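The next block holds one structure in the form of structure tokens; read it before the comments.
Here, each number is a calculation from the coordinates, and none is a lab measurement. Note that the structure is a prediction, hence the values are computed from the model and not measured. Ideal geometry is used to build each Cβ from the backbone, glycine not excepted, and the neighbour counts take in all protein chains shown.
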Amino acid sequence: MTGDEDSEGAPAPSRRALLGWGGAGLALGAVAAGGAVASVRSDGGTDPASDSGAAVPFHGAHQAGIATAVQDRLHFASFDVTTEDRAELIALLKEWTRAAERMTAGRTVGEGAYGGPAEAPPDDTGEALGLRPSRLTLTLGFGPSLFDKGRFGIEGRRPEALVDLPKFPGDNLDTARSGGDLCVQACADDPQVAVHAIRNLARIGMGRTAIRWSQLGFGKTSSTTPGAQTPRNMMGFKDGTRNISGTDDAALKKHVWADGTGDAGWMAGGSYLVARRIRMHIETWDRAPLQEQEDIFGRDKGEGAPVGKAKERDEPFLKAMLPTAHVRLAHPDTNNGATILRRGYSFTDGTDGLGRLDAGLFFLAYQRDVRTGFIPVQRSLAASDALNEYIQHVGSAVFAVPPGVRDSDDWWGRALFS
């Protein structure tokens, strides 16, 4: 998010929630709810938010969780909308927005997890009680299928930039891990806070939505914070060195934020998200010689410097790399300037039936237009990237991420349905 965002505080806890804390529980509530007063900037993230467990402002021109300093953990969920009623979908989006406002501030959903009528389920599942906001951000997107004719009367409002991704060479996509009508990306420094958020949104949506697939992530593989230590992926290499900075307003405007021109005025200030589940053949990679690994990436494994350079952030000399080097093929100079903002995470989901780790990269990329962002870059990589021997794309989805929620009267996607 950029510096022009609102910094309004989240709504105060309800009277019933305050009464429910009571006595010694009030001290706990001061952490769970009052922790939001130490909110941090959500534009770039140079503040020590992870140390303070502070809150990222929910309201603003852009949704948090895009240019926001990347948190440590992820719970991403794709939903199918099961209702056929437009009014029910709009009501759901309003309810989700109000719940997101509270959870990102470190507060419970609705009237809380306890203290209400004993014969009724509580409004909040309760597993985040006592935990700080942990920089939780919730980012919502609309999938292409939501715009199908005859569903919700918005078929004429599908943005031209929200294209169905082509089939790339080497894809082995699992339909059970692809697509979706809606998505919610929950990022936080505490995994329980992120899981709690998705769990509660899924509970609120019961009868109107159902989770199609979800993905847990750890170990961020890209950074949007200038000067921060570059994280490493599951192959041991630094990733995202030259990612767009969350404080670079000019680059964000040029490459990330949609301008709302043409048929998608409602998307002004939004972005387009591509999510890809990339399985890494870890066991095969671990047997590859170091020199081969470095040649494949185009960087040395220790410092992360490009071939022929001394420091990680030195400008790469692409022609010094092999023509099949990953860095060379992904670089904007190789793809007519195509530039994306990456927010990927590592994942490990147990083992497969052969005892191999089901591990890899859950790739998340935001861009102004999928046609000039992810698609040309992936075509370049799919055609000749030497890394393809060790990876395979097994899940895929694309979403239109609307602009931010401006204030407490606004809600996710309001401009689309207005």
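Computed over neighbours whose Cβ is under 11 Å from that of TRP213, the net charge equals +1, Lys and Arg +1, Asp and Glu -1. Dividing the summed -39500 (n - 2.57) terms of all DSSP H runs of n ≥ 4 by the residue count of the chain sets its mean residue ellipticity at 222 nm at -6500 deg cm²/dmol. Per the Debye formula on identical point scatterers at the alpha carbon atoms of the chain, with no solvent, log10 I(q)/I(0) at q = 0.06 Å⁻¹ is -0.24.
Maximal additional length on extending the THR82-ALA120 stretch stands at 11.3 nm, based on 0.36 nm per residue less the C-alpha distance.
What's the local net charge at ILE198, with K and R +1, D and E -1, over the other residues with C-beta under 14 Å away? Surrounding charge for ILE198 is +1.
Once the trypsin sites (Lys or Arg not before Pro) in DSSP loops with at most 11 neighbouring Cβ atoms within 10 Å are cut out of the chain, the longest remaining piece is 1-148. For the chain, the relative contact order works out to 22 percent when only alpha carbon pairs closer than 8 Å and six or more residues apart are counted. Taking the chain as a Gaussian network of alpha-carbon nodes connected by springs under 10 Å, the highest mean-square fluctuation of the residues ASP174, ASP124, ASP259 belongs to ASP174.
Electrostatic tally near ALA305: other residues with Cβ closer than 13 Å to its Cβ, Lys and Arg +1, Asp and Glu -1, net +1.
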